[in-house]
Amino acid sequence: MNERTFHGDIERLRDPKRVALLEVERVVALALEEIEAKRVLDVGVGSGIFAQAFAARGLAIAGVDANPEMITASREYVPGADLRQAPAEVLPFPDRAFDLVFLGLVLHEADDAVKALSEARRVAQKRVAVLEWPYLEEEGGPPLAHRLAPERVVALAREAGFAGCETLPLAHMVLFRLALSSPDRM
């Protein structure tokens, strides 16, 4: 198992101060902007914070997490979601199964970031959105050595076959919207 995978307590993930830093509603709105979505996959679903926000918009939700404790926690907050234990690099879903694939603060934890993005691209029909920590040393969040510089995310997306990567700096995070390569998938 990856040493960077979160193994802390779930309550800490849902701490109101931490949740405020995530700008959940803004991130969800930006991830969905200009696409019509019905099905969303939350890769690295964690305690279900983003899955819960997508579900509140009436979307069908699926989620994966490598940590079985996170799947258990997510079930509490997102009843009815299709939640499965799986790593980001091996998504247990068919090609183009989701309108949006969302990776929230998980790409920096992936054992193989290119494989994780390639899998997200495979199961996405319209968009892949990646939320990451800013590339700077901060008190909260992972150490700088585990964070991804924006240009690194762009390079990883290109290597995974994406046509483009839009970088949207937020107050405390960075959202990347990845363009699928073939025009019929847009």
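How about segment 48-69: which of its residues are in a strand (DSSP E or B) and among the charged types (D, E, K, R)?
Hit for segment 48-69 is D65, nothing else.
Suppose we filter L30, L105, L117 for residues that are closer than 20 Å to G141 by Cα, in contact (Cβ under 8 Å) with a residue 24 or more places away in the chain and either in contact with a strand residue (DSSP E or B) (Cβ under 6 Å, 6 or more places away or on another chain) or not polar (S, T, N, Q) (or both); which single one remains?
Values: L30 fails: closer than 20 Å to G141 by Cα; L117 fails: closer than 20 Å to G141 by Cα.
Result of the check over L30, L105, L117: L105.
Which condition number does A73 fail, the rest of (1) more than 17 Å from P92 (Cα to Cα); (2) modelled with pLDDT of 95 or more being met?
In the conditions (1) more than 17 Å from P92 (Cα to Cα); (2) modelled with pLDDT of 95 or more, A73 misses (2) alone.
Return yes when P68 is surrounded by fewer than 23 Cβ atoms within 10 Å (Cβ to Cβ) and farther than 24 Å from A157 by Cβ and no when it is not. Before the answer, list the steps.
Working: surrounded by fewer than 23 Cβ atoms within 10 Å (Cβ to Cβ): yes; farther than 24 Å from A157 by Cβ: yes.
Yes; evaluated as a whole, the condition is true for this residue.
Got a sec? Which of R158, R185, R122 is modelled with pLDDT of 95 or more and closer than 29 Å to G58 by Cβ?
Details: R158 fails: closer than 29 Å to G58 by Cβ; R185 fails: modelled with pLDDT of 95 or more.
Exactly one residue qualifies, and that residue is R122.
Provide a single number: the residues in segment 24-47 that are touching a helix residue (DSSP H, G or I) at 6+ places or on another chain (Cβ under 9 Å) and either at pLDDT below 90 or part of a loop (DSSP other than H, G, I, E, B) (or both).
As a first pass, look at segment 24-47 and keep what is touching a helix residue (DSSP H, G or I) at 6+ places or on another chain (Cβ under 9 Å): 24-25, 27-28, 31-32, 37, 40-47.
Restricting the remaining residues to those that are either at pLDDT below 90 or part of a loop (DSSP other than H, G, I, E, B) (or both) gives 37, 44-47.
Within segment 24-47, residues that are touching a helix residue (DSSP H, G or I) at 6+ places or on another chain (Cβ under 9 Å) and either at pLDDT below 90 or part of a loop (DSSP other than H, G, I, E, B) (or both) number 5.
The values are calculated or read from the model by the stated rules, or taken from the named source; none is laboratory data. Remember, it's a predicted structure, so these values are computed and weren't measured experimentally. Cβ atoms come from the backbone with ideal geometry, glycine included; neighbour counts cover every protein chain shown.
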